[in-house]
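Asker: Here it is, the structure, as structure tokens.
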Amino acid sequence: MHTKEEKMEAFGRFLDVLDRLRVECPWDRKQTNESLRPNTIEETFELCDALMKQDNKNICKELGDVLMHVCFYALIGQEKGDFDIADVCNKEADKLIFRHPHVYGKEKAETAEQVLENWEQIKLKEKDGNKTVLSGVPDALPSLIKAYRIQDKARNVGFDWQERDDVWQKVREELAELEAELKRSDKQKSTEELGDFLFSVINAARLYHLNPDNALEHTNQKFIRRFNYIEQHSIRAGKPLTEMTLEEMDQLWNEAKRLEKE
């Protein structure tokens, strides 16, 4: 691993490269906050994909891409005279110090749970911090992640189930309401009840310290692997998927499951 001096030197070299590209490269020269934003979203998802796969080589690569975007936005801010990368770093360092009084101050927090209990109250005290508990949840978050964050923030100020097992009654209640609306063929109310049911399931996952987004992505990848197995078999057999029976596909699906366990 590199020394602190080597890390600072590498970061400085990176900033020098970015400064030069901004001046000499026609593509880099024309970029704005708005034009970069879609690429930033894509790079962030690529990093998340590498993290889920525990692919260290690509984690390193994608971290570099995300870092480039962070520094590029800071460079644009510098050109406008609004802020630069030093301001970004110092503001973040100040925020971290303020939010960790158990490290930099006299507060006591021996566990991660104790830190989280103080977290929302600390943020509400910040000069430019959240005005309400839930205002810190970005509107643009994907709905599943947003639901988890909303519930977690409410929990941090004491709004939560006293006994986590009680959440299952709520899950069953929401499922029954969803089934009732589906039988009535009321699409609008069924959609509302589906949302309530999903929210309750996410709540249950949170209470049992399970990340629902990670869990769903693992299931997505599992489904892809097993369905690809079916498709590859159909290609080798020269029989299109559309001509296979459901029973044939189920048999191959179960074969794929067995192979995963071997």
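Asker: Go through the range 246-262 and report how many residues are open to solvent by less than 60 Å² (accessible area, probe 1.4 Å) and either free of Cβ contacts under 8 Å to residues at least 24 places away in the same chain or closer than 22 Å to residue 53 by Cα (or both).
Answerer: 3
Asker: Against the conditions (1) modelled with pLDDT of 95 or more; (2) within 29 Å of residue 44 (Cα to Cα); (3) among the hydrophobic types (A, V, I, L, M, F, W, C), where does residue 124 fall short? Just the number, please.
Answerer: (1)
Asker: How many of the residues making up the range 66-111 are farther than 30 Å from residue 32 by Cα, open to solvent by less than 70 Å² (accessible area, probe 1.4 Å) and not basic (Lys, Arg)?
Answerer: 6
Asker: Under 6 Å between Cβ atoms, which residue pairs at least 6 apart in sequence (or on different chains) link something in the range 114-136 that is more than 18 Å from residue 93 (Cβ to Cβ) and among the polar types (S, T, N, Q) with a partner that is open to solvent by less than 30 Å² (accessible area, probe 1.4 Å) and modelled with pLDDT under 75?
Answerer: Hits for this filter: 130/123.
Asker: Give me the residue from the range 129-140 that is within 20 Å of residue 99 (Cβ to Cβ) and hydrophobic (A, V, I, L, M, F, W, C) and, out of that set, most open to solvent (accessible area, probe 1.4 Å).
Answerer: 134
Asker: Mind listing just one residue for me: the one in the range 5-35 that is among the aliphatic types (A, V, I, L, M) and touching a helix residue (DSSP H, G or I) at 6+ places or on another chain (Cβ under 6 Å) and, of those, most open to solvent (accessible area, probe 1.4 Å)?
Answerer: 21
Asker: Take residue 3 and tell me if it is among the β-branched types (Val, Ile, Thr) and within 20 Å of residue 59 (Cα to Cα).
Answerer: Here the answer is no, as residue 3 does not meet what is asked.
Asker: Any idea how many residues of the range 1-27 are touching a residue at least 40 places away in the same chain (Cβ under 8 Å) and more than 28 Å from the chain's Cα centre (by Cα)? Walk me through it before giving the result.
Answerer: Restricting attention to the range 1-27, the residues satisfying the condition of being touching a residue at least 40 places away in the same chain (Cβ under 8 Å) are 14-15, 18-19, 22.
Those left that are additionally more than 28 Å from the chain's Cα centre (by Cα): 19, 22.
So the count comes out to 2.
Asker: So is residue 178 open to solvent by less than 60 Å² (accessible area, probe 1.4 Å) and either at pLDDT 95 or above or under 30 Å from residue 153 (Cα atoms) (or both) or not?
Answerer: Values: open to solvent by less than 60 Å² (accessible area, probe 1.4 Å): yes; either at pLDDT 95 or above or under 30 Å from residue 153 (Cα atoms) (or both): yes.
So residue 178 passes the test.
Asker: Right, here's the next one. Any residue in the range 216-238 that's closer than 29 Å to residue 198 by Cβ: show its pairings with residues that are among the hydrophobic types (A, V, I, L, M, F, W, C) and assigned to a helix (DSSP H, G or I) at Cβ separation under 6 Å, as long as the two are six or more apart or on different chains.
Answerer: That search, which allows pairs on different chains as well, returns 217/52; 226/253; 226/256; 229/256; 230/249; 230/252.
Asker: Do we find a residue being in contact with a helix residue (DSSP H, G or I) (Cβ under 7 Å, 6 or more places away or on another chain), closer than 30 Å to residue 164 by Cβ and surrounded by fewer than 11 Cβ atoms within 10 Å (Cβ to Cβ) anywhere in the range 201-208?
Answerer: Checked the range 201-208: at least one residue is in contact with a helix residue (DSSP H, G or I) (Cβ under 7 Å, 6 or more places away or on another chain), closer than 30 Å to residue 164 by Cβ and surrounded by fewer than 11 Cβ atoms within 10 Å (Cβ to Cβ).
Asker: Turning to a different aspect of this structure: Quick check: anything in the range 21-31 part of a helix (DSSP H, G or I) and within 28 Å of residue 220 (Cα to Cα)?
Answerer: Checking the range 21-31: not a single residue is part of a helix (DSSP H, G or I) and within 28 Å of residue 220 (Cα to Cα).
Asker: Also, quick follow-up: For the list (1) closer than 25 Å to residue 217 by Cβ; (2) open to solvent by less than 60 Å² (accessible area, probe 1.4 Å), I need the number of the one condition that residue 115 fails.
Answerer: (1)
The values are calculated or read from the model by the stated rules, or taken from the named source; none is laboratory data. Bear in mind that the values here come from a model prediction, so they are computed numbers and not experimental data. In this analysis, Cβ positions are derived from the backbone assuming ideal geometry, glycine residues included, and neighbour counts consider all displayed protein chains. For the accessible areas, the whole protein counts, side chains as well, though only heavy atoms, and no ligand, DNA or RNA atoms are used. Shrake-Rupley method; radii C 1.70, N 1.55, O 1.52, S 1.80 Å.
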